[in-house]
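Below is one structure; the comments refer to it alone.
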Amino acid sequence: MTQDQLLGRDEHHLILVGRGPHRLTAATAAAFNDMQVAAAHEGHNLQAASSWRGFDRQLAIWNGKWRGERPLLDANNQPLDPLQLSDTERLHAILRWSALPGTSRHHWGTDLDIYDPDCLPADTRLALEPWEYEEGGWFADLGDWLSDHMNDFGFFLPYAKPAGAGSGVAYEPWHISFALESTEQRLDPDALVLCLQQADIEGKSTILAHLDEILARYVTLCPDERKRS
């Protein structure tokens, strides 16, 4: 992929998944389709909740959390008031659950969030929180099936638990990544810096001052590492 594609600023490498609206790379879409068919044979309606997400969309999420316009959770899934945190505390609180624009794996088209809409109770909104995929949660059976079978189709959990030493990342059992393509990507830090300098992003000075730490703690490419991207 080009640097613009890795930064979420170019989507020409993507195709629609089925009739849309989700988009992935062609290879990721094909592998996901094969996994959907296999899951269906076992009684699971495996669907995408989120797939490709561009830089501007990630920027809106980031800015909303920084300003307190979107929910922000602590390590125990409890609400935080970002306006009561220092800029550095706010930075790390957001990064625990949401990627810095330009570093999100959702920019690549190799990653997606999954769920089973048939298991979501009526009038219940999908939360994308760990309890939904664990014992007693709506998607516990789907989570078990994925643990046993997703590797057969080339997928892994980039945010599996336990997190690696020094990682600030949260456990995301809903986020799967197509290893064949996602582990080959190499984002240029200089391209990221230029992109962030030009963006209307909240907390810009704090982000740039801590960028090396952000990349070390929250950005990864390899399936056996447990950091955030």
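The values are calculated or read from the model by the stated rules, or taken from the named source; none is laboratory data. Just so we're clear, the structure is a prediction, and the values are computed from it rather than from any experiment. As a convention, Cβ positions derive from the backbone with ideal geometry for all residues, glycine included, and neighbour counts pool all protein chains shown. Surface accessibility is based on the protein's heavy atoms, side chains included, excluding ligands, DNA and RNA. Shrake-Rupley method; radii C 1.70, N 1.55, O 1.52, S 1.80 Å.
Values as computed for the structure displayed
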item	result
Total residues in region 158-202, condition part of a loop (DSSP other than H, G, I, E, B), at pLDDT 85 or above and open to solvent by 30 Å² or more (accessible area, probe 1.4 Å)	6
Pair list, Cβ < 9 Å and 6+ apart or interchain, from region 5-25 residues that are at positive phi to residues that are in a loop (DSSP other than H, G, I, E, B) and open to solvent by 30 Å² or more (accessible area, probe 1.4 Å)	Gly8/Trp52; Gly8/Arg53
Pick from region 22-41, criterion buried (at least 18 other Cβ atoms within 10 Å of the Cβ) and small (Gly, Ala, Ser), ranking: nearest to Gly143 (Cα to Cα)	Ala39
Per-region count, region 42-84, residues open to solvent by 30 Å² or more (accessible area, probe 1.4 Å) and in contact with a strand residue (DSSP E or B) (Cβ under 7 Å, 6 or more places away or on another chain)	7
Top-ranked residue of region 205-220 - restricted to ones that are outside any loop (DSSP other than H, G, I, E, B) and among the polar types (S, T, N, Q), ranked as surrounded by the fewest Cβ atoms within 10 Å (Cβ to Cβ)	Ser205
Region 85-123, residues that are surrounded by fewer than 17 Cβ atoms within 10 Å (Cβ to Cβ) and polar (S, T, N, Q)	Ser86, Thr88
Any chance Gly137 is under 26 Å from Phe55 (Cβ atoms) and in contact with a helix residue (DSSP H, G or I) (Cβ under 6 Å, 6 or more places away or on another chain)	no
Residue selected from region 84-125 under the condition of a type in the set (Asp, Glu) and assigned to a helix (DSSP H, G or I), by the criterion nearest to Gly143 (Cα to Cα)	Asp118
Condition check for Glu135: at pLDDT below 90 and not small (Gly, Ala, Ser)	no
Flag if Arg19 is in a loop (DSSP other than H, G, I, E, B), open to solvent by 40 Å² or more (accessible area, probe 1.4 Å) and in contact with a Cys (Cβ under 8 Å, 6 or more places away or on another chain)	no
First in region 180-196 and closer than 19 Å to Gly109 by Cα, second anywhere and among the hydroxyl-bearing types (Ser, Thr, Tyr) and in a helix (DSSP H, G or I), Cβ under 9 Å, 6 or more apart	Leu180/Thr28; Glu181/Thr28; Ser182/Thr28
